[in-house]
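The values are calculated or read from the model by the stated rules, or taken from the named source; none is laboratory data. Please read all numbers here as calculations on a predicted model, not as lab measurements. Here the Cβ is made from the backbone with ideal geometry for all residues, glycine too, and neighbour counts use every protein chain on show.
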Amino acid sequence: MKLGLNGLGRIGKLSLWHHVGRKHFSGIVANTGREIGQSLEDLAASIERDSAYGRLSTFLHGYQAGRVVENINHAAGTMTVNGMPVQILREARNPKDIKWKENDVRLVVDTTGVFTDPTSDENDPRGSFRGHLAGGAEKAILSAPFKIKAKGMDMPDDAITTVMGINGDDYIPSQHNLLSAASCTTTCLSYMIKPLLDQFGAENVLSASMVTVHAATGSQKVLDSLPKTGAADLRKNRSILNNIILTTTGAAKALRLVIPEMADIGFIAESVRVPTSTGSLIVLVLNLQDDLADPIKREKINNTYRDFGQNSPYLIYSEEQNVSSDIIGGPAAAAIIEGTETHTRTAAIKVNMDKLGCAGGDTPHVLDVPVTQAVVYGWYDNEMGSYTNMLADRTVSVAESMV
């Protein structure tokens, strides 16, 4: 089976890196929708080198490796990458017009970040994610969360959001043709939340919040620029090279699609962008209803992650003192728990029962409720080591369901 890639931006290029190393597919058909540079050599140079991860040859074979992009034919739009045939399509940008069927592509991964609405009609002149099916693909995977633009529209029956190892089994091959692999932040967050829900029960989580300290993305500005007409957030046009920038994240909404129990828990998700090229961190805070006689301690939190990680290839428990550059490129995991920084604090929270309308009779006016606040830190390489690795495993699993 050949794999189709729509887009060769950050996630698209690194997905190509992953798959030419793994070699599960017989070939790759990548759509850029336009000419790149002056020739296919320029695209090959972009594929071969990366400012965050170094050279593709070194990534695949170590520092003694030679060039791995060969047999470049500009007219035919072909090359071989690590011995794998790669066809470059440069004509169509609307998914329905991409020649997937003519190139024997049954499975497509869309990494453009442009087509995210699974309800959009395949013939939408602006393009739609569903258009990949009209172009001949049987299934399409989105490397971003679904975003339904029309209010009141439900998720289509043939679309689903999954994170491998969390709700991957919810994917039904006979039903789901459109898949979202969520986001890098949702992927990491799900592996930080799931072990604690399994250990303590969702009913004992009173509230939760997270902040992701996130590396820069391609949508940010290198230098300050004027906002677009009608723009409400002026910070998006400030230089990421010089600033820590407050922004938003859809991780809370996407997490409910992956872990439905989160719908009943008050949860807040925030994001801060920092001037690094990759490597991000989630600070997770949970308030757990507890028992003062035997409160939850950091050892129990850490043991929960340690035990979960022994049975999951996607969670790593670490007691090393990491910094962000330590997790770039690997190890391949959705989340790396920084166990040395786990903290807990247990106290009796006073609840005014008068405000709840429950005081009177045998019910006291003030009720002491034991609560443990837990703080957990989780690293994730938001491009290669965490997200692209997880996306590739999801892609292979879907391909295997199609054989």
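Miscellaneous remarks
- The one condition in (1) at pLDDT 95 or above; (2) surrounded by fewer than 16 Cβ atoms within 10 Å (Cβ to Cβ) that S219 fails to fulfil: (1)
- If the condition is being over 24 Å from V108 (Cβ atoms) and either assigned by TED's automatic domain parsing to the domain that holds A215 or in contact with a strand residue (DSSP E or B) (Cβ under 7 Å, 6 or more places away or on another chain) (or both), then region 1-59 contributes E41, R49, R55.
- Flag if E299 is touching a residue at least 40 places away in the same chain (Cβ under 8 Å) and of a type in the set (D, E): no
- For region 137-165, the candidate set comprises residues that are within 20 Å of T111 (Cα to Cα) and of a type in the set (D, E); within that set, the residue that is nearest to the chain's Cα centre (by Cα) is D158.
- The single condition from (1) assigned to a strand (DSSP E or B); (2) touching a residue at least 40 places away in the same chain (Cβ under 8 Å); (3) aliphatic (A, V, I, L, M) that I72 fails is (2).
- Members of region 58-84 that are among the polar types (S, T, N, Q) and under 22 Å from T32 (Cβ atoms): N71, N73, T78, T80, N82
- You will find that of Y305, Y317, the residue that is in a strand (DSSP E or B) and closer than 18 Å to Y380 by Cβ is Y317 and no other.
- Some residue of region 244-259 being surrounded by 14 or more Cβ atoms within 10 Å (Cβ to Cβ), part of a loop (DSSP other than H, G, I, E, B) and at pLDDT 95 or above: yes
- Some residue of region 320-327 being assigned to a loop (DSSP other than H, G, I, E, B) and not assigned by TED's automatic domain parsing to the domain that holds V285: no
- Of the residues I28, I98, I72, the single one that is at pLDDT 95 or above, surrounded by 15 or more Cβ atoms within 10 Å (Cβ to Cβ), closer than 30 Å to I327 by Cβ and among the β-branched types (V, I, T) is I28.
- In region 198-216, the qualifying residues are those that are part of a strand (DSSP E or B) and more than 17 Å from the chain's Cα centre (by Cα), and the one that is surrounded by the most Cβ atoms within 10 Å (Cβ to Cβ) is A208.
- Test: residue in region 259-278 that is in contact with a Gly (Cβ under 6 Å, 6 or more places away or on another chain), in the same structural domain as T372 (by TED's automatic domain parsing), on the phi < 0 side of the Ramachandran plot and of a type in the set (A, V, I, L, M, F, W, C): no
- Test: residue in region 38-53 that is over 30 Å from S324 (Cα atoms) and part of a loop (DSSP other than H, G, I, E, B): yes
- Of the residues making up region 55-69, those that are closer than 13 Å to K13 by Cβ and within 27 Å of the chain's Cα centre (by Cα) are R55, L56, F59.
- I240 vs. criteria at pLDDT 95 or above and either surrounded by 17 or more Cβ atoms within 10 Å (Cβ to Cβ) or not assigned by TED's automatic domain parsing to the domain that holds T276 (or both): yes
- From the options S174, S225, residue that is without any contact (Cβ under 8 Å) to a residue 40 or more places away in the chain, in a loop (DSSP other than H, G, I, E, B) and outside the structural domain of T342 (by TED's automatic domain parsing): S174
- Contacts under 9 angstrom Cβ, first residue in region 89-101 being of a type in the set (V, I, T), partner surrounded by fewer than 20 Cβ atoms within 10 Å (Cβ to Cβ), 6 or more apart: I98/G33; I98/E91; I98/A92; I98/G136
- Yes/no for D104 being more than 30 Å from S324 (Cα to Cα), surrounded by fewer than 18 Cβ atoms within 10 Å (Cβ to Cβ), in contact (Cβ under 8 Å) with a residue 12 or more places away in the chain and assigned by TED's automatic domain parsing to the domain that holds K147: yes
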